[in-house]
1. Would you mind stating whether A:Ala251 is in contact with a strand residue (DSSP E or B) (Cβ under 7 Å, 6 or more places away or on another chain), within 14 Å of another protein chain (Cβ to nearest Cβ), over 27 Å from A:Gly111 (Cβ atoms) and among the small types (Gly, Ala, Ser)?
2. If the requirement is being hydrophobic (A, V, I, L, M, F, W, C) and within 17 Å of B:Ala249 (Cβ to Cβ), which of these qualifies: B:Leu181, B:Leu185, B:Leu170?
3. Filter the range A:184-215 for residues that are touching a helix residue (DSSP H, G or I) at 6+ places or on another chain (Cβ under 8 Å), touching a residue at least 60 places away in the same chain (Cβ under 8 Å) and open to solvent by less than 10 Å² (accessible area, probe 1.4 Å) and give the result.
4. Examine the range B:110-118 for a residue that is over 19 Å from B:Val35 (Cα atoms), within 14 Å of another protein chain (Cβ to nearest Cβ) and modelled with pLDDT of 95 or more, and state whether such a residue exists.
5. Kindly indicate which of A:Leu135, A:Leu170 is within 14 Å of chain B (Cβ to nearest Cβ), part of a loop (DSSP other than H, G, I, E, B) and either crowded, with 23+ Cβ neighbours inside 10 Å or modelled with pLDDT of 95 or more (or both).
6. Just checking, does the range A:52-60 include any residue being over 19 Å from A:Val159 (Cβ atoms), assigned to a helix (DSSP H, G or I) and either away from chain B (no Cβ under 14 Å) or not charged (D, E, K, R) (or both)?
7. Would a scan of the range B:242-257 turn up a residue that is at pLDDT 95 or above, of a type outside the set (A, V, I, L, M, F, W, C) and not in a helix (DSSP H, G or I)?
Protein chains: 2
Amino acid sequence: VTENKIVTSRENPHVKRLDALLRQKKAREESGLFVLEGARLCLDAVQSGLSIECVYLTRESAEKTPALLNLAEAAGQTVWLSESLAGRLGETKTPQGVFAVLPACALPRLGNPKPDGRYLLLYQVRDPGNLGGILRTAAALGGDGAYLCDCAEHVSPKVLRASMGGIFRLPLAVVDDMAALVARLSNVGVQTFAAAGGGTTAPQVLAGQGGKAVLIGNEGNGLPDDLTAACTATVSIPMKTGNESLNAAMAAGILMWEMIKDS
Amino acid sequence: VTENKIVTSRENPHVKRLDALLRQKKAREESGLFVLEGARLCLDAVQSGLSIECVYLTRESAEKTPALLNLAEAAGQTVWLSESLAGRLGETKTPQGVFAVLPACALPRLGNPKPDGRYLLLYQVRDPGNLGGILRTAAALGGDGAYLCDCAEHVSPKVLRASMGGIFRLPLAVVDDMAALVARLSNVGVQTFAAAGGGTTAPQVLAGQGGKAVLIGNEGNGLPDDLTAACTATVSIPMKTGNESLNAAMAAGILMWEMIKDS
C-alpha cells in the first residue's frame with residue numbers, strides 16, 4: 001500500500017458510508033448492508049463462505065494478522081484506513097483496524113418450516129446482548145434455525161459481536177406476525193412450546209422425536225397471553241424457591257438443549 | 001433525617017471505609033466485609049436472612065423505595081449520604097443511593113461433600129461476569145453448592161451484581177487445592193465430570209441418580225490435564241461443525257441442568 005492510498009479523513013465517501021452503517025439502523029435497512037468489526041468476526045465470515053462487498057483495513061492490522069490480506073482479496077473492494085481514523089470509527093474498546101461490509105442477503109435464510117424441524121422462535125427479545133447470546137447458542141447447539149419477530153436488529157454491531165459469528169451459520173428469518181407463524185408451524189405438524197416462568201410443564205417435554213419449536217418472549221414482559229395460548233404447551237424451567245431467576249439467554253439455552261439433544 | 005446528619009464528605013471515616021470496600025480486594029479480605037450496591041441486591045440480602053452490618057442510604061432513595069427503611073432498621077448502623085456523594089461512590093451506571101456492608105461469614109457456607117450431593121466445581125473462572133452468571137444459574141437450578149478454586153473474587157462488586165443475589169442462597173466454599181477436593185469427592189462416592197470441548201461423552205451421562213459434580217475450567221485455557229485425568233469422566237456438549245463455541249456460563253448452565261434436573 002502506498003501512503004497516498006491510505007484514507008485519513010472522515011469526509012472520504014467510503015468512510016462516511018462505513019460510519020453510517022456502523023451507527024445507523026436506517027442506513028443498514030436502506031442499503032441492505034451491515035458491518036463486521038474486528039479480525040475474528042471478519043475472518044469467520046469468509047470461512048463461512050459469506051460474500052464480502054468491501055473491506056476496510058489498516059496497514060498495521062494487515063501486518064499483525066496476515067490472513068486479513070486473504071480477506072481483502074476475497075472482497076470486491078479494499079479501502080485502506082490510517083490507524084487513527086480506524087480507531088475513531090470503531091465501536092469496540094480495543095480498535096482492531098478491520099471492518100467488512102456485507103449484504104444482509106448473504107446470511108443464511110430460513111425458509112418454510114419442515115414437519116420434523118427444530119426451531120427457535122424469538123418474540124420481542126430486545127436486549128442486543130441477549131439476542132446475540134441466544135443466536136450464538138442456537139448456532140452451536142444446532143437445530144434448523146430461528147424466526148425473529150419484533151426483536152433487536154440482528155445485524156446491529158452489538159448483536160453481531162455477541163453472536164460471535166453464529167449468525168453466519170444459523171438460518172434466520174424475520175417475520176411480522178408471530179401468531180401466524182405459530183399457526184403455520186402447527187399446520188405442518190411442528191409442536192410449539194411457549195417458555196414461561198412458574199409453569200408446571202418441565203423442559204423434559206421437549207425431548208424425543210418430531211418437529212418442535214420453542215418460543216421465547218421479552219426479557220421483562222414475557223409473552224402475551226394470546227401467543228402463549230396459541231402454542232401446544234407452556235414449558236418452565238423449575239427454580240429453587242427464593243428470588244431466583246435465570247438470565248433470558250441462559251433459559252433459552254437450556255430449553256434449546258432439551259429440544260435439540262436427542263435430534 | 002436532619003440535615004446535619006447527612007454525610008457529604010468523602011473524608012468521613014464511614015465513607016472512607018465504604019469506598020475502600022467497594023474498590024479494594026485487600027480491604028475486603030482484611031476486614032472480612034463486602035459491599036452490596038443498589039436497592040434490589042440490598043433488599044434481596046435482607047429477605048435471604050443475611051445479617052447487615054451497616055447501611056449507607058440517601059434520603060432520596062429512601063423516599064423512592066420506602067422498603068429501604070426496613071433495611072436500615074435491620075442493620076446494625078445507618079449512615080445517611082448526600083445524593084452527590086453517593087453518586088460519586090457508586091460503581092453502577094445509574095447510582096441508586098444505597099449500599100450495605102455485610103460480613104462475608106454471613107453467606108451460606110458449603111461444608112463437607114455428601115455422598116448423594118450435586119456440586120459445581122469452578123477452577124480458575126476469572127471473568128467476573130461469567131463467575132456471577134454461573135453462580136446465578138446454580139442458585140436458580142438448585143443443587144447442593146459450589147466449590148471455588150483460584151476464581152475471581154466472589155464478593156467483588158462485579159461478581160455480586162452478575163450473580164443477581166444468587167450468592168445469598170447458594171452454599172459456597174473456597175478451596176486451595178482442586179485436585180484434593182476431586183479426590184475427596186471420589187472417596188465419598190461422588191462422581192466427578194470434567195467439562196471439555198471436543199470430547200465424546202455427551203452431557204446425558206450426568207442424568208440419573210447418585211452424587212455428582214461438574215468441574216468447569218478457565219474460559220481461555222480450560223482445565224489442566226492432571227485435573228481432567230483425576231475425574232471420573234470428561235463431558236462435552238456436542239457442537240455443530242464450524243467455528244461454534246458456547247459462552248462459558250452457558251456451557252456450565254447446560255451441564256448443571258443435565259446434572260440437576262432429575263434430582
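The values are calculated or read from the model by the stated rules, or taken from the named source; none is laboratory data. Keep in mind that this is a model prediction, so the values were computed, not measured. Note that each Cβ is placed from the backbone with ideal geometry, even for glycine, and that neighbours are counted across all protein chains shown. We work out accessible area using only protein heavy atoms, side chains counted, and drop any ligands, DNA or RNA first. Shrake-Rupley method; radii C 1.70, N 1.55, O 1.52, S 1.80 Å.
1. Here the answer is yes, as A:Ala251 does meet what is asked.
2. Sole residue among the options that is hydrophobic (A, V, I, L, M, F, W, C) and within 17 Å of B:Ala249 (Cβ to Cβ): B:Leu170.
3. Once the filter is applied, which keeps residues that are touching a helix residue (DSSP H, G or I) at 6+ places or on another chain (Cβ under 8 Å), touching a residue at least 60 places away in the same chain (Cβ under 8 Å) and open to solvent by less than 10 Å² (accessible area, probe 1.4 Å), the range A:184-215 yields A:Thr192, A:Phe193, A:Gly211, A:Lys212, A:Ala213, A:Val214, A:Leu215.
4. Checked against the condition, which is being over 19 Å from B:Val35 (Cα atoms), within 14 Å of another protein chain (Cβ to nearest Cβ) and modelled with pLDDT of 95 or more, the range B:110-118 yields at least one hit.
5. Answer to the selection: A:Leu170.
6. Checked against the condition, which is being over 19 Å from A:Val159 (Cβ atoms), assigned to a helix (DSSP H, G or I) and either away from chain B (no Cβ under 14 Å) or not charged (D, E, K, R) (or both), the range A:52-60 yields at least one hit.
7. No, the range B:242-257 contains no residue that is at pLDDT 95 or above, of a type outside the set (A, V, I, L, M, F, W, C) and not in a helix (DSSP H, G or I).
Each row is one residue, and each column tells you yes or no for (1) open to solvent by 40 Å² or more (accessible area, probe 1.4 Å); (2) in contact with a helix residue (DSSP H, G or I) (Cβ under 8 Å, 6 or more places away or on another chain).
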{"site": "A:Ser31", "(1), (2)": "yes, yes"}
{"site": "A:Val55", "(1), (2)": "no, yes"}
{"site": "A:Glu63", "(1), (2)": "yes, no"}
{"site": "A:Glu83", "(1), (2)": "yes, yes"}
{"site": "A:Arg88", "(1), (2)": "yes, no"}
{"site": "A:Gly97", "(1), (2)": "no, yes"}
{"site": "A:Cys105", "(1), (2)": "yes, no"}
